[in-house]
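None of the figures in this text is laboratory data; all of them are computed from the coordinates on show. Given the structure is predicted, the values throughout are model-derived calculations rather than measurements. All Cβ positions, even for glycine, are placed from backbone atoms using ideal geometry, and neighbour counts span all protein chains on display.
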Amino acid sequence: MNSLKFVFSRLLGAVPTLLALICLAFFLVKAAPGGPFDMERSLPEEVEANLRAAYNLDDPLPKQLLKYIGDIMRGDFGPSFQYRDFNVTELIMSGFPVSLRLGGAAILIALFFGAIIGTIAALNQNTKTDYLVMFFGMTGISIPNFVMAPLLILLFSIFLRWLPSGGLGGGEINNMILPVTALAFPQVAYIARLTRGSMIEVLSSNFVRTARAQGLPTRTIVLKHVLKPTFLPIVSYLGPATAAIITGSVVVEQIFGLPGLGRYFVQGALNRDYTLVLGVVVFYGCLIIFFNLLVDIIYGFIDPRIKSNR
Amino acid sequence: MPLTQKTEQERRNDVLSVSDLSVSFKTRGETVVAVNSLSFRLLENEVLGIVGESGSGKSQTVLSIMGLLESNGRAKGSAVFKNKEMLGLPEQELNKIRGNEMAMIFQDPMSSLNPYITIGDQMVGVLKQHKKQHKKEARERCIEMLDAVRLPNPEKRIDGYSFELSGGMRQRVMIATALLTNPDLLVADEPTTALDVTVQEKILDLILEVRERFSMSVILITHDLGVVARTCDNVLVLKNGTKQEYGNINQIFYSPQAEHTRELLFKSKELSDAQAITKTKTIENPNVCIKNLSVFFPVPKDGLFSKQQHLKAVDNLSVEINKGEVLGVVGESGSGKSTLARCVLKLQKPSNGTISAFSNDTLKMNRKQTKEFRKNIQVVFQDPFSSLNPRMTIAETLNEPLKVFFPKMKQRDSARAIANWLDEVGLDAGFLGRYPHELSGGQCQRVAIARALISEPKLLICDEAVSALDASIRAEIIELLLKLKRNKKLTMLFIAHDLAVVNKICDRVVVMHQGKLIEQGETKKIFQHPVNQYTKDLLDSVPVPDPRLEKEKYLRRLGNKAKYF
Amino acid sequence: MTTKVTTHTNSLLGDAWNTLKKNRAALVSVTTMATMIALVIFGPLLSPYAVDQTDWYQISSRPNLASGHIFGTDDLGRDLFVRVMYGGRVSLMVGIVATIVSVIIGVTYGSISGFIGGKTDALMMRVVDVLYAMPFLFFVILLMVFFGRSILLIFVAIGAVNWLDIARIVRGQTLNLKGKEFVDAARAGGASTLRIVFKHIVPNLLGLVVVYVALTVPQVILVESFLSFLGLGVQEPMTSWGALVNQGARQMETSPWMLLFPAMFLATTLFCFNFIGDGLRDALDPKDRTREEE
């Protein structure tokens, strides 16, 4: 019974955030000069008509807001400014699966390799292995992915000719390797650093000393006593990690020419397609809120200190 | 020395035989010697106490035998445990012995258990490692052990977590874990130092009981001679890593040979049978009058709709502090004594009751009156290092109160006051430009005292002011406080959990337990003829450095327990 | 238990500098950054070319010491060396200014939240938690799309992205300090709230702030580069390393130097600041203060 209460309370906490996001988006659109509601702008007939219909501009403000919220809830983001025949929802739905593949793979790789690398570094602290890992970590967070991506292309596509330099290629693995690498690299580095720091701290704690005094071999100590406290903070980091990957995907999709949501976003930004840009931001925002909620709940089930207080 | 001659029989009964053990550490290019050529022996069923002040090397001795030294530590010499040389043993071999034939419990029960896995998991882990038992068998054995250490509700606790237990209970769990494999040697490193004195008594009794029941040898490391007198058969006295004296308990306590032993005994006895300066006078106009004081803290709620529970930190307490006297407040952790002090200092708002200081109701003061009030009540806190602002020099720290309370004071005068008080607390002028991290604990505490007294307050509150100091430093600071009390006719509220210190310094004493006032009266009367049962228990549980006396008390306690079975 | 303390230099700052000096990576980074800043300011004076001087006879030419185009030229014949230097000025300037904005917002928010405590603190931190997971950058881009690309907006917007980390850390430290006994002693000593904040709490926050300034600069430069790369950052004739990388990436098959030089400068700068920040953090970490234990 307590578990349900816990989940419910967390859900309750997420709702205001969601509402805040949508309201913010709404008012931004309203306020934008040269935006869809700027009366001085002259728009082509069709777009004007679409907008009026979509946004009920003659209704009082609160009613507009409510309608907007309702629309979003139903998944209707309104018509695109630029692409006359499409509405934003359609564009999002066509771009999202690509980004999902890309981002999903990236985060799994980041988590997997980051954790392993960080663990190896922590267990070999202050040795050459550790310094190597730390240097790698530093590289990962210092070289932005829009620098790394072209460098990767330069090396693997142009000089070595091992991998294609862009395009979806019908969804082949080969086409995914470079983009996913470029996207995941900074997160692998960050998670490795985080893991290393966390594990070193846990390794120096008193209960590890107790375990050593109990004659437990290092392997048992790490698996049984150290893993959980080490990775709890990593779980918390998953939320921001996702946000970072989403942000990174914008660049990576651009460079590799992948028709994902990030690319639409950039095009929309450059073309002043307000509704598209707004729609993407709200969409991604909701996604992140939802994901954070998930992580929060999972964390509450893993950490015994929260578990027992539920 | 009764233990140097090794007969054939004795050699067989040796559990541990240490010769010429030396431990050194390499820090930043220098080599620091922690233990210097130590030799001693441990027989079956013997309790050996290793005693010394901090830095004497007592922990490093046993850590080196168990192979638990830090990576920059080196051990030389020989330590033979049951005919096996421990020093230099490879990790794999060490792991067969550690936690199995030789077990260790540590000082800090709060952090020595893993809060992320269940108690049962941790205990079963030991059995899985050494006895290769299956989960069901292992679990039963664990419950058996938890019962043997008298942990209430073992079947439930075993599936619980360490943060659900108090310090004393956690230490019991640690002992139970150590006993799982029926070790021949139990090493206890300051096992009760972090515990309340009544809990300490129970844990020490428990250690003796399990020693008897499971036929173990015990090495008990402590700085407290009373604890040694209570529990040990033989004693090894260390100073700076060197053996000072080594003999059986009667010899050490009743005819000590080494100077350091005599010194330690003197210091500990000095506190126990000190004369408190009694004041025979009629009750003058009390300086501070506390009436029906209560402080309730809300406890975090269970669910959104359950009733709000409260923790009664202070419960309907009334007491008076008279002018010129030192009033002690004694109690264990959770007794509310610190909360009381904070209320008097106006750092904590009471939920009920009144405090009147110097004829003014402290709760009804405006800002200006509060400032005036603060000038007259000052405080010295427990932790010398965190009670001084690390970014301010000593001079600036001492100047603070002058700037706040006497803003018009000329620089010349304040400089003179600072120099004066620095001298009063026994520090020379060279300290003025230094920062707190350059000073030792004792020196920081002196500065804290000077800061408190520089505005010439009418009342000084010492909140566990000497609890965090080494024994010898503690004695010095107490001397300082006594001197200041005499010369400046200070009125003090002295809060402590250490009864010996209170005995030395306080005229009257108040005993607190769970927020309530249990007993109050003149120190000598309370300590020698306590009325309330709790006070009696409290006084009784303080270990005295007198083995014969302790043995009597122990038998009395056993007798009392027998009455219930 | 009290312990003896080996005497260090006088102040905490001197202490920190000593420890930092021993960190070789940090030391090298400081020297490198100093050199780079000097280069960026004075470099263009060494070259005969101007930043927007196009030379149609030297389009996309390789690095060539003889012609004076030591980094080569770009696709419009402009000297790459001078452009990289000018780009550096923008990148570094945005880095520093936006960091200052970030730090001011973060420190104010964090210290107020920590100092007031209680429900206000809980609320303020909840806001931070929520914002922390947002793709803030997207909002920044949104703002740029809607309100245009003034350089001022860039400074403020970028600064507003990074204040969350600082706010959290400062709030944590403020809470930590609040619980320390010297704050209680100051209150009991009659100090007013203002005095406590400015004399006792803030000076003890400075160390942390310095660390995070060093760590935030690279993040901010990264954001600016990101925006410029997407074409949303500074506009011509101003250029930044991010914009240069963008242009270089498009030409990398034929003129890899257009990518490599700005990328190198950018990466080196980020590396150096990260090393310095890490080194400072280790130096000022109170846990590392040397006390000989038992």
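Of C:L222, C:G207, C:L45, which is farthest along the charge dipole of chain C in the positive direction, counting Lys and Arg as +1 and Asp and Glu as -1 at C-beta?
Farthest towards the positive pole: C:G207.
Quote the relative contact order of chain B in percent (integer), defining contacts as alpha-carbon pairs under 8 Å separated by 6+ residues.
Relative contact order comes out at 15 percent.
Which residue fluctuates most in the GNM of chain C (Cα springs below 10 Å): C:R171, C:R78, C:R24?
C:R24
Please give the calculated 222 nm ellipticity per residue for the protein assembly as shown, where each DSSP H segment of at least 4 residues contributes -39500 (n - 2.57) and the sum is spread over every residue; nearest 500 deg cm²/dmol?
For the protein assembly as shown, the value works out to -18500 deg cm²/dmol.
Under the rule of at least 5 residues apart or a separate chain, name every residue whose amide H is placed under 5 Å from the amide H of B:M492.
Counting only residues 5 or more places away or on other chains, the set is B:E325, B:V326, B:L327, B:L460.
Picking from C:T268, C:T73, C:T35, which is most flexible by a Gaussian network model of chain C using Cα springs under 10 Å?
Residue with maximal mean-square fluctuation among C:T268, C:T73, C:T35: C:T35.
Determine the shape class of segment B:294-375: with a ≥ b ≥ c the square roots of the Cα gyration tensor eigenvalues, call it rounded for a/c under 1.5, and otherwise prolate if a/b is greater than b/c, oblate otherwise.
oblate
About the Cα centre of segment B:406-537, how large is the charge dipole given +1 on each Lys and Arg Cβ and -1 on each Asp and Glu Cβ? Please answer in debye to the nearest 20.
560 debye
Tell me the Rg and the Dmax, in Å, that the Cα atoms of chain B produce.
In Å, with Rg to one decimal and Dmax whole: 26.2, 82.
Let me know the charge dipole size of segment B:1-143 about its Cα centre in debye, to the nearest 20, where only the beta-carbon of Lys, Arg (+1) and Asp, Glu (-1) is charged. Numbers along the way, then the final one.
On the way: 20 positive and 17 negative charges, 96 e Å.
Dipole size: approximately 460 debye.
Say each of B:K458 and B:N352 gets a label point 7 Å from the Cα, pointing the same way as Cα to Cβ; how far apart are those two points in nm?
Label-label distance for B:K458 and B:N352, simple model: 2.8 nm.
At what distance in angstrom do the alpha carbon centres of segment B:135-195 and segment A:1-22 lie from each other?
40 Å
Calculate how large, on average over all directions, the projected area of the Cα convex hull of the protein assembly as shown is; give the answer in nm² to one decimal.
One quarter of the hull surface, i.e. the mean projection, equals 55.2 nm².
What span do the alpha-carbon atoms of segment B:346-427 cover on each of the three principal axes, reported in whole Å from largest to smallest?
Ordered largest first, segment B:346-427 gives principal extents of 42, 31, 23 Å.
What is the mean projected area of the alpha carbon convex hull for segment C:188-249, to one decimal in square nanometres?
The directionally averaged projection comes out at 6.4 nm².
Whose amide H sits under 5 Å from the amide H of B:V218, counting only residues 5 or more places off or on another chain, with H placed in the peptide plane?
Under 5 Å from the amide H of B:V218 lie the amide H atoms of B:E46, B:V47, B:L48, B:L186, each far enough along the sequence or on another chain.
If you average the sequence gap of Cα pairs under 8 Å that are 6 or more apart and divide by the length of segment B:334-465, what percent do you get for the contact order?
36 percent
Over what distance in Å are the Cα centres of segment C:93-111 and segment C:226-252 separated?
24 Å
At 7 Å along Cα-to-Cβ for each site, give me the label-to-label distance between C:L27 and A:L294 in nm.
Those two pseudo-labels are separated by 4.9 nm.
Considering every pair of different Cα atoms, what Kirkwood radius, in Å, is found for segment C:143-294?
18.7 Å
With a Förster radius of 60 Å, plug the Cβ-Cβ distance of C:I37 and B:N248 into 1/(1 + (r/R0)^6) and report the FRET value to the nearest 0.05.
0.25
What are the semi-axes of the equivalent ellipsoid of segment C:39-166, taken as the square roots of 5 times the eigenvalues of the Cα gyration tensor, listed largest first and rounded to whole Å?
They are 44, 16, 10 Å, listed from largest to smallest.
As a quick test, which of the pairs B:K323/B:K485; B:K483/B:K504; A:K224/B:K135 have an alpha carbon distance above 19 angstrom in this structure?
Listed pairs above 19 Å: none.
How big, on average over all directions, is the shadow cast by the Cα convex hull of segment A:70-180, in nm²? Display every interim value, and only then the final one.
Values: hull surface 43.1 nm².
In nm², the orientation-averaged hull projection of segment A:70-180 is 10.8.
To the nearest 0.05, how large is the calculated FRET efficiency for A:F112 and B:E259 if R₀ is 60 Å and r is the Cβ-Cβ distance?
Numbers: r = 64 Å, r/R0 = 1.06.
The calculated FRET efficiency here is 0.40.
Set the Förster radius R0 to 56 Å, insert the Cβ-Cβ distance between A:L100 and B:F214 as r into 1/(1 + (r/R0)^6), and round the FRET efficiency to 0.05.
0.35
Return an integer: the convex hull volume of the alpha-carbon atoms of segment B:349-504, in Å³ per residue. Intermediate values should be presented prior to the final figure.
Working: hull volume 21.2 nm³, N = 156.
Convex hull volume per residue, Cα atoms: 136 Å³.
Only helices at least 27 Å long along their axis, Cα-based, and averaging 0.5 or more on Kyte-Doolittle count here, so list those DSSP H runs from chain C.
Sorted by number, the helices that extend far enough and score high enough are C:24-46, C:80-116, C:202-229, C:256-284.
Skipping prolines and chain starts, which residues have an amide H placed within reach, meaning under 5 Å, of the one on B:I518, given they are 5 or more residues away or on another chain?
Result for B:I518 returns B:V511, B:M512, B:H513.
Place +1 on the Cβ of every Lys and Arg and -1 on the Cβ of every Asp and Glu in chain C, take the dipole about the Cα centre, and give the residue among C:F71, C:G248, C:L177 whose Cα lies farthest towards its positive end.
C:L177
What dipole magnitude, in Debye to the nearest 20, does the protein assembly as shown give about its Cα centre under +1 on Lys/Arg Cβ and -1 on Asp/Glu Cβ?
2500 debye
Between C:S192 and B:E396, what is the spin-label point distance in nm, taking each point 7 Å from the Cα along the Cα→C-beta axis?
Using points 7 Å along Cα→Cβ, the separation is 2.0 nm.
Would you kindly give the portion of the calculated P(r) for segment C:34-112 that falls above 15 Å, as a percent of all Cα pairs?
Here the tail beyond 15 Å accounts for 62 percent of pairs.
As a quick test, which of the pairs B:K58/C:K22; B:K307/B:K337; B:K26/B:K132; B:K269/C:K180 have an alpha carbon distance above 31 angstrom in this structure?
In this structure, B:K58/C:K22; B:K26/B:K132; B:K269/C:K180 lie more than 31 Å apart at Cα.
Two decimals, Cα atoms only, Kirkwood Rh: what is Rg/Rh over segment B:115-265? Mind dumping the intermediate values first?
On the way: Rg = 17.7 Å, Rh = 16.9 Å.
With Rg and the Kirkwood Rh in hand, the quotient comes to 1.05.
With everything on Cα atoms, drop me the angle between helix B:167-179 and the longest principal axis of chain B, reported from 0 to 90° to the nearest 10.
Computed tilt is about 10 degrees.
Which translational diffusion coefficient, to the nearest whole µm²/s, is obtained for segment B:83-151 from the Stokes-Einstein equation, given a Kirkwood hydrodynamic radius over C-alpha pairs, 4 °C and 1.567 mPa s?
94 µm²/s
Can you bin segment B:429-494 into rounded, prolate or oblate? Criterion: square roots of the alpha carbon gyration tensor eigenvalues sorted a ≥ b ≥ c, rounded for a/c under 1.5, prolate for a/b above b/c, oblate for the rest. Write out the running numbers ahead of the final one.
On the way: a/c = 1.90, a/b = 1.29, b/c = 1.47.
Verdict is oblate for segment B:429-494.
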